[in-house]
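Note sheet for the following structure.
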Amino acid sequence: MTNINEDYIEGYIRSIIPKSNENLAAIEQYAHENHVPIIEPEVAQFMKLILKKNKPKNILEIGTAIGYSAIVMAQSTDGDAKITTIERREDMANLAFNNIKSTSYSDKIKIIIGEAHEILPLLEGKFDFIFLDAAKGQYLDFFKYCSEYLVPGGVIMSDNVLFKGMVATDDLVIRRKKTIVKRLRSYLQYINNLSGYVSCVIPIGDGVALTYKEDR
Ligand code: SAH
Ligand code: MG
């Protein structure tokens, strides 16, 4: 369905993932009905594991949508961890705000409404985990800011990097997505060959990339 994995593999993996709690299940349902592209269950699971292992205290997300991944991150980190999340659509940010309000994480998650490329230069402080999940054609621009804000030993996780498989083969590319695909390919080339960083592309969900900033 996503052109990344065979349906039976994806279906099997999803069948063994524990069910989401009530709050998240309601958001998943809304996302499904309204075509909001939230992280897939196997990506959420992977993200939880990375967060539990790395225990970041200062998280940045680009692309809040309705707050689903922000809540997943809040659930998987310590009580004193903070999440800053950027969303350019006010309607989405309002939905996220309300969704977050119905969890116990309102103090943990701060939503900033605005264009990421305008907000990013204004951010202060350092982050130890950054989740890129907004305009896919702009990942390289986002990354250049984010890598400056990332502490050594920190991780940047980028979602949708295989973009329905189009990034891996021209056979799947549809014409109006050509530019995004070209940019995502440049992005993956860049992060995979960047000195001082180690990256890895993982074929789950719509393709996830992890980038580790070396600690020396
Ligand atoms: N991370 C969310 C899904 C995000 S969908 C989750 O998994 O639950 C991507 C979101 O990024 C959309 O809501 C879109 O409005 C927002 N977005 C896209 N480009 C952006 C930009 N340049 N600046 C800020 N937000 C952006
Ligand atoms: Mg995504």
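The values are calculated or read from the model by the stated rules, or taken from the named source; none is laboratory data. Every value quoted in this text rests on a predicted model; they were computed, and no experiment measured them. With ideal geometry, Cβ positions are generated from the backbone for all residues, glycine too; neighbour counts draw on all protein chains shown.
Please enumerate the residues belonging to region 1-35 that are more than 18 Å from Gln75 (Cβ to Cβ) and outside any helix (DSSP H, G or I).
Within region 1-35, Met1, Thr2, Asn3, Ile4, Asn5, Glu6, His35 qualify.
Taking region 174-185 as the region of interest, how many residues are away from ligand 1 (no atom under 16 Å from the Cβ) and either touching a residue at least 12 places away in the same chain (Cβ under 8 Å) or crowded, with 19+ Cβ neighbours inside 10 Å (or both)?
Residues meeting the conditions: 2.
Please specify each residue of region 36-70 satisfying the condition of being in contact (Cβ under 8 Å) with a residue 40 or more places away in the chain, farther than 17 Å from Thr211 by Cα, more than 8 Å from ligand 1 (Cβ to nearest atom) and in a helix (DSSP H, G or I).
The one that is in contact (Cβ under 8 Å) with a residue 40 or more places away in the chain, farther than 17 Å from Thr211 by Cα, more than 8 Å from ligand 1 (Cβ to nearest atom) and in a helix (DSSP H, G or I): Glu42.
Just the residues that are part of a helix (DSSP H, G or I) and of a type in the set (Asp, Glu), please, taken from region 82-101.
We begin by selecting, within region 82-101, every residue part of a helix (DSSP H, G or I); these are 90-101.
Glu90, Asp91 - these are the residues of region 82-101 that are part of a helix (DSSP H, G or I) and of a type in the set (Asp, Glu).
Find the strands (runs of 3 or more DSSP E) located wholly in region 102-216 whose residues include 1 or more that are within 16 Å of ligand 2 (Cβ to nearest atom) and in contact with a strand residue (DSSP E or B) (Cβ under 9 Å, 6 or more places away or on another chain), and list them.
Values: elements: 109-113, 127-132, 150-159, 197-202, 208-213.
Once the strands (runs of 3 or more DSSP E) in region 102-216 are filtered for at least 1 residues that are within 16 Å of ligand 2 (Cβ to nearest atom) and in contact with a strand residue (DSSP E or B) (Cβ under 9 Å, 6 or more places away or on another chain), what remains is 127-132, 150-159, 197-202, 208-213.
Could you list, in sequence order, all residues of region 186-208 that are touching a Lys or Arg at 6+ places or on another chain (Cβ under 9 Å) and crowded, with 16+ Cβ neighbours inside 10 Å?
Residues satisfying the conditions are Tyr187, Tyr197, Asp206, Gly207.
Of the residues Tyr12, Tyr68, Tyr8, only one is modelled with pLDDT of 95 or more, on the phi < 0 side of the Ramachandran plot and in contact with a Leu (Cβ under 9 Å, 6 or more places away or on another chain); which?
Going through Tyr12, Tyr68, Tyr8 in turn, the sole match is Tyr68.
Please indicate, with yes or no, whether at least one residue in region 118-128 is among the aromatic types (Phe, Trp, Tyr) and under 17 Å from Ile156 (Cβ atoms).
Yes, region 118-128 contains a residue that is among the aromatic types (Phe, Trp, Tyr) and under 17 Å from Ile156 (Cβ atoms).
What number of residues within region 177-195 satisfy the criterion of being touching a Ser or Thr at 6+ places or on another chain (Cβ under 7 Å) and among the small types (Gly, Ala, Ser)?
Selection size over region 177-195: 0.
So if I check each of Lys101, Lys126, Lys108, Lys144, which one is touching a residue at least 40 places away in the same chain (Cβ under 8 Å) and among the charged types (D, E, K, R)?
Lys126
Please work out if Ile111 is among the aliphatic types (A, V, I, L, M), out of contact with any Leu (no Cβ under 6 Å at 6 or more places or on another chain), within 21 Å of Leu51 (Cα to Cα) and buried (at least 18 other Cβ atoms within 10 Å of the Cβ).
Considered against the rule, which asks whether it is among the aliphatic types (A, V, I, L, M), out of contact with any Leu (no Cβ under 6 Å at 6 or more places or on another chain), within 21 Å of Leu51 (Cα to Cα) and buried (at least 18 other Cβ atoms within 10 Å of the Cβ), Ile111 comes out as yes.
Among the residues of region 35-75, write down those that are surrounded by fewer than 21 Cβ atoms within 10 Å (Cβ to Cβ) and either aromatic (Phe, Trp, Tyr) or more than 15 Å from ligand 2 (Cβ to nearest atom) (or both).
Phe46, Lys48, Leu49, Ile50, Lys52, Lys53, Asn54, Lys55, Lys57, Asn58, Gln75
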